[in-house]
1. Determine, for each peptide in 6-13, 27-34, the mean count of other beta carbons within 10 angstrom over its residues, then list the peptides with the highest first.
2. Counting only the heavy atoms of the protein chains, how much of His228 is accessible to a 1.4 Å probe, in Å² to the nearest 10?
3. Taking one equal scatterer on every alpha-carbon of region 122-177, how large is log10 of I(q)/I(0) by Debye at q = 0.15, 0.16 1/Å?
4. Can you give the extra length, in nm with one decimal, that the chain gains between Cys39 and Lys53 once fully stretched, where that is 0.36 nm per residue apart less the Cα-Cα distance?
Amino acid sequence: PGVVIGTAFALILALFPLIILTGSRAGLALSGPALLVCCWMIFKAPATEILLKRVGSRKWLFAGGGFLILATPLLFVLTVLLGSTRDTALSRLFTVDSADDLRWSFLPISLEMTRDFFPFGAGLGAFERTFMVYETADVLSLRYANQAHNDVIQIVLEGGLLGAIIVLAALVWAGRLLWRQWRRGNAVARITAVFLAGAIALWLAASIVDYPLRTPLAAMVLAALTTHLSLLSTRPRSDPGSLSRDGAQGEAP
C-alpha cells in the first residue's frame with residue numbers, strides 16, 4: 001500500500017508544477033478541482049484504508065499530512081506565478097481586460113453566425129473562412145480567429161442541430177455508464193467512476209473557453225478515457241470487482 005500511495009503522491013507533485021509552463025488560465029482555474037478529485041481518489045483508495053488501519057489513532061494526523069502534501073504543488077504553482085515577471089496565466093487572469101481579449105470580442109460574431117446557419121450548420125471545419133465573412137472592422141487585426149474558442153458554439157455553428165444532438169447523445173451515454181459504474185458499490189469501481197467523470201468533465205469545462213479537444217494530444221486522451229469507460233460497461237455485474245449482496249467479493253462467471 002505504501003508504494004501505491006507514494007507513487008500517486010509523487011506523480012501529483014511532479015505533474016502539477018507543469019501548469020507554470022502552459023500559461024493557460026483555464027488550466028490554472030481547473031487545477032483546484034483537479035486536485036480535489038485527486039485527494040478524494042487517494043483517500044478513498046483501498047491502499048489508503050489499509051495504511052490508516054495500521055497507524056491506528058494517528059490516522060487523522062496521517063490524513064492531514066497527506067492533504068498538506070497534495071496542496072503543496074498548487075501552492076508552489078501560485079507562488080511561482082505571483083513572483084514571475086513573464087506573462088503567466090495568473091498575470092493574464094488579473095491584468096487582461098475581458099474587452100481586450102479577442103475571444104470575447106469574437107463571441108457576438110460567433111453567435112450571429114450560429115443563428116444564421118442553424119439548423120443545418122456551416123459545415124465541419126468551416127469556421128475560419130466563415131468568420132472572415134462576418135468579421136467586423138472593430139475586431140480586425142494582424143491576428144485572426146482560427147477557432148471559436150468555445151466548442152459548444154462551434155459544434156452548433158459547424159454541425160448544426162445534428163451536431164448538437166450527437167454531442168448530447170454522447171454526454172447522456174457517458175453519464176449513464178458512469179452512474180452504472182458508481183452503482184457497482186465497491187471502492188475500486190467508485191474511484192474509477194470519479195476519475196473518469198472528473199477527467200472528462202475537466203476537458204469539457206476547458207472547451208467552454210477554448211478548444212483543447214481540437215488538438216491531437218487532448219483528443220487522444222479523451223478518446224482513451226471514453227474507451228476505458230466503454231470497456232468497463234461491458235463487464236458482467238458479477239465480475240471480481242463487484243460486491244455481492246452480503247458484502248462478500250463476487251466471482252466471475
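1. Highest mean packing first, the order is 27-34, 6-13.
2. 80
3. Scattering profile of region 122-177, log10 relative to I(0): -0.52, -0.57.
4. Numbers: separation 14, 0.36 × 14 = 5.04 nm, distance 1.84 nm.
Net length gain for the segment: 3.2 nm.
The values are calculated or read from the model by the stated rules, or taken from the named source; none is laboratory data. Here the structure is a predicted model, which is why all the values come from computation and not from measurement. Neighbour counts run over all protein chains shown; Cβ positions are idealised from the backbone, glycine included. For accessibility, only protein heavy atoms count, side chains too; no ligands or nucleic acids. Shrake-Rupley method; radii C 1.70, N 1.55, O 1.52, S 1.80 Å.
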